[in-house]
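First the structure, in the form of structure tokens, and then the observations on it.
Any read-out appearing in this document is the output of simple, stated calculations on the displayed coordinates, not a laboratory observation. Here the structure is a predicted model, which means the values were calculated and not measured. Every residue, glycine among them, receives a Cβ derived from its backbone with ideal geometry; neighbour counts consider all protein chains shown.
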């Protein structure tokens, strides 16, 4: 596989457990108050923002950023967090209560198999229902696990209506080795129909049995799934391309 | 009637859920069918034979952690009944045959949890519109982890405000339970049925802006300096069609 500069980027996934009742305030902060402050300190413009009321950590607020350089990332966020204007803005909008109870941060890199599933057309906004899956992999057989995703699962998902927004490897974060991928569905019914088809598919079953025989166990551990809704002010674009200015 | 004797009495609910080997949840549902539902030569199922009740409901998880996940809920008259029914089943050669066959390519179930639950006082089983429909659609398990010592406060909030509002917004209450044995306690577990995902998502947004919910949260913060719900977990569930539950897990029938 050819290596383009984009393949070397880092994708930062930020999962915020929102204080119950504060989601509208958090949207206002992230969508309208923070962008000028982020820009001032060189924090890149997030690729997309989501909210989740359907899984672990709900109410969950999610956004993703892409970095060329991790030193730059730490410098930019450090400067942002030290800005007295951020502190003042945070205290004012928190209004005596934290909006965010807990944060899970992860730094990911694009999985090599992602390039096989990129859209070739010009980037467009991708609406619908999105799904974030965090799939633990067999520590002994990581490349084989990605091959299985590329040859068995991703084609099945695509054939059943998923648009693949991104496929990543956990780089810094929890429960590595872990594949993280982001799917878009027309609606929840489409997602459910695809899940049912995947569970019943004979070829998928046969592939799983063959993997178990060949590798002495399953290539896949437990998976976390979040069904998310993109925020109006930051709907992701195909291939998680940058937002236009 | 499930209530009346939740703590002092002996009636008990067991919520069992299994982390299933990837890609094999349909096999697990089928294996459960083979032991709990499919009739043996004698007539009843293997569960029937050993006096294990049919599940009140069974689910596979759509969202949440540690997927794929299969779960089911049992109602026992007593733990004595439970502990005289399950062990002979576990030793049964027919079950061993089924298990060995289905585990031939590796274990179907990676890990199991079983929690003991009792009907919560927040479960208002009088709330009954008279309908007797089997409830498919989308189910939801909500877990409120409460601040230690404050479960009665959260129970009252759930009963008077949250569950009431969720029903107004389209939910049907299947059951509400206190966790008696399980992790991260104290905790209160609610099982709800929703007509569809869109209704559920709309309700989640609306609940947070309901004036009575806001007032309750503000009161907690004023009187206790914090919210009394320490942590909240939510899982969307797909009910297994052969065991669709009714409102209040069928208590009102």
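Based on the Cβ-Cβ distance from residue B:16 to residue A:187, what FRET efficiency comes out when R0 is 25 Å, to the nearest 0.05?
Working: r = 32 Å, r/R0 = 1.28.
So the FRET efficiency works out to roughly 0.20.
For chain B, what is the calculated [θ] at 222 nm in deg cm²/dmol (nearest 500), taking -39500 (n - 2.57) for each run of four or more DSSP H residues and dividing by its residue count? The helix contribution divided over chain B gives -9000 deg cm²/dmol.
Per-residue extension of 0.36 nm, minus the Cα-Cα distance of residue B:96 and residue B:199, leaves a gain of 32.8 nm for this segment. The slack in the chain from residue B:54 to residue B:103, taken as 0.36 nm per residue of separation less the alpha-carbon distance, amounts to 15.3 nm.
Convex hull volume per residue, computed on the Cα atoms of the protein assembly as shown, equals 153 Å³.
How would region A:166-238 be classified by its alpha-carbon gyration tensor: rounded, prolate or oblate, with rounded meaning a/c under 1.5 and the a/b versus b/c comparison settling the rest? Please list the in-between numbers first.
Details: a/c = 3.01, a/b = 1.38, b/c = 2.18.
Note, shape of region A:166-238 comes out oblate.
Between A:49, A:63, A:81, the residue with the greatest mean-square fluctuation in the GNM of chain A (Cα pairs under 10 Å linked by springs) is A:81. In chain A, the longest principal axis of the Cα atoms and the axis of helix A:202-215 are about 90 degrees apart. Here A:38, A:74 are placed in order of increasing Cβ neighbour count within 10 Å, fewest first, which gives A:74, A:38. Ranked by how many other Cβ atoms sit within 10 Å of their own Cβ, fewest first, the residues B:123, A:86, B:90 fall in the order B:90, A:86, B:123. Fully extending the segment from residue A:197 to residue A:32, taken as 0.36 nm per residue of separation minus the present Cα-Cα distance, adds 55.3 nm. When the Gaussian network model of chain A links Cα atoms closer than 10 Å, the mean-square fluctuations of A:76, A:194, A:88 top out at A:88. Across region A:1-89, the relative contact order, built from alpha-carbon pairs under 8 Å that are at least six residues apart, equals 37 percent. Annotation for region A:219-245 versus region A:29-97: alpha-carbon center distance of 16 Å.
Mean per-residue shielding of peptide B:204-214 is 3, counting Cβ atoms of other chains within 10 Å of each Cβ. Between 0 and 90 degrees, rounded to the nearest ten: what's the tilt of helix B:25-36 against the longest Cα principal axis of chain B? The two axes meet at around 70 degrees. Largest first, the extents of the alpha carbon coordinates of region A:21-83 on the three principal axes equal 34, 21, 18 Å. Computed on chain A, with alpha-carbon pairs under 8 angstrom and 6+ residues apart, the relative contact order is 28 percent. For region A:91-188, relative contact order (Cα pairs under 8 Å, six or more residues apart, normalised by length) works out to 41 percent.
For chain B, the equivalent ellipsoid derived from the alpha-carbon gyration tensor has semi-axes of 33, 19, 18 Å in decreasing order. In region A:110-245, the convex hull through the Cα atoms has an average projected area of 8.7 nm², a quarter of its surface area.
Between residue A:140 and residue B:126, how high is the FRET efficiency from 1/(1 + (r/R0)^6) when r is the Cβ-Cβ distance and R₀ = 60 Å? Nearest 0.05. Here the calculated transfer efficiency is 0.60.
Mean per-residue shielding of peptide A:47-57 is 5, counting Cβ atoms of other chains within 10 Å of each Cβ.
When the Cα centres of region B:208-253 and region A:151-213 are compared, how far apart do they sit, in Å? Cα centroid to Cα centroid, the span is 31 Å.
Can you give the Kirkwood hydrodynamic radius of region A:4-57 from its Cα pairs, in Å with one decimal? Before the final figure, lay out each step's value.
Details: mean 1/r = 0.0751 Å⁻¹.
After inverting the pairwise mean of 1/r, the radius is 13.3 Å.
Hydrodynamic analysis of region B:137-251 uses the Kirkwood radius over alpha carbon pairs. Inserted into Stokes-Einstein at 37 °C and 0.692 mPa s, it gives a translational diffusion coefficient of 222 µm²/s. In whole Å, what is the distance between the alpha-carbon centres of region B:11-61 and region B:65-125? If we compute the Cα centre of each part, the gap is 7 Å.
Estimated purely from DSSP H runs of n ≥ 4, each contributing -39500 (n - 2.57), the mean residue ellipticity at 222 nm for chain A is -9500 deg cm²/dmol once divided by its residues.
Divide the volume of the convex hull around the Cα atoms of region B:46-91 by the residue count and you get 101 Å³ per residue.
Between the Cα long axis of helix A:188-200 and the first principal axis of chain A there is an angle of about 30°, rounded to the nearest 10.
Give me A:18, A:223 sorted ascending by neighbouring Cβ count inside 10 Å, so fewest comes first.
Numbers: A:18 25, A:223 18.
Going from sparsest to densest Cβ surroundings: A:223, A:18.
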